[in-house]
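These notes are about the structure you will find just below.
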Amino acid sequence: MRVVPSMTDAVGRTPVVQLSSVVPDRSADVYVKLEWFNPTGSYKDRMALSMIEEAERRGDLRPGMTVVEYTAGSTGSSLAWVCAVKGYRLRIVSSDAYAQEKLRTMTALGAEVTIIPSEGGVVTPDLVTSVIAKAREYAAEPDTYWTDQLNNADSLVGYRGVGVELLEQMGRPIDVFCASVGTAGLAMGVSSALRDGGSDAKVVIFEPASTPVISGGEAGPHRVEGTGIGFLPPLLDADRYDEVRAIPEVDGRAMARRLATEEGLLAGTSTGMNVLGAVQVANELGPGKTVITVACDTGLKYLAGDLFS
């Protein structure tokens, strides 16, 4: 175990586990990087830390300034944690469509949270744009730094770490890395790290089937937090991924429950989508190949909802 001087030094070096029960016979091996080992239980800790520290390094963010962000909750929780450690005021815009555990976490860590009401508790394209618009209002105030996660390439600095760690950890060739897409930062950061490290791994991205915008379809409502924003993510680079697949939300939720009861892996719907897609790819590749995805965050963030009820 590591001894670190600050909570910000506790990010990364998360373990990787091989799945067994949910992977059919005669499939490729499927591994999951457990990102809930980060301080707030989410891979978004990597992104939040890099967005803040890169802004500090450039001088764009200085002591006494206020940080502003829009979020489904995980990015906000991660930013609230970083800002608590570094002493920044944080203003968050979110919605009641997202998990109450996340909203309470942001408040507990000292963030000031503005809630935009949703229509029936689902994520819609209009909701996303409304949340962003309110954050833009706050960002126009003096002495404010807007992290603006959808457009902030500083996030890729943090997410590269996932790819770098996988190359160090696996000790074998990686055939496919796959992940669901929200900001697209994770997939793009890992893709860059893998290619820079000499890996020939394919990168496959996932989105909810009810809002298959990247696949060329129309935006629609869903309840997979942190994914399916309703428009093409600005950070998504077509040269850095090989395939996109639309995953039915109901199947992703079922896989999340299977992961809990059959693998002892407690995670949310986006992780269920990740694993379901990874298993599909592994079944197509067959034995002797390696497929890797991530557990985005801990399922403890979703116990108040209906995912595990």
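A short reminder: the numbers here are calculations on the coordinates, not readings from a lab. Since the model is a prediction, treat every value here as computed from it, not as a measurement. We place every Cβ from the backbone using ideal geometry, glycine too, and count neighbours over all the protein chains shown.
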Checklist entry - Dividing the convex hull volume of the alpha carbon atoms of region 152-271 by its residue count, what do you get in Å³ per residue? => result 109
Next on the checklist: In region 21-113, if the dipole is taken from +1 on Lys/Arg beta carbons and -1 on Asp/Glu beta carbons about the Cα centre, which of S94, G110, T40 is farthest to the positive end?
Outcome noted: G110
Checklist entry - In region 1-127, what percentage of the DSSP-assigned beta bridges are antiparallel, given to the nearest 5? => result 30
Checklist entry - Can you give the % of DSSP beta bridges in the chain that are antiparallel, to the nearest 5? => result 20
Checklist entry - Does the chain classify as rounded, prolate or oblate by the C-alpha gyration tensor (a ≥ b ≥ c root eigenvalues; a/c under 1.5 gives rounded; else a/b over b/c gives prolate, otherwise oblate)? => result prolate
Next on the checklist: Let me make sure I get this right: for region 168-223, a, b and c are the square roots of the gyration tensor eigenvalues over alpha carbons, sorted descending. Under 1.5 in a/c it's rounded, otherwise prolate if a/b > b/c, else oblate. Which is it?
Outcome noted: prolate
Checklist entry - With a ≥ b ≥ c the root eigenvalues of the C-alpha gyration tensor of region 1-121, is it rounded (a/c under 1.5), prolate (a/b larger than b/c) or oblate? => result oblate
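Say R0 is 41 Å: what FRET efficiency, to the nearest 0.05, do A133 and R258 get from their beta-carbon distance?
Given R0 = 41 Å and the Cβ-Cβ separation, E is 0.60.
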Checklist outcome for this item: Listed by chain and number, the lysines with an alpha carbon less than 28 angstrom from that of K202, same-chain partners under 8 positions apart left out, are K33, K44, K289
Checklist outcome for this item: Env charge @ G277, Cβ radius under 12 Å, K,R +1 / D,E -1, value -3
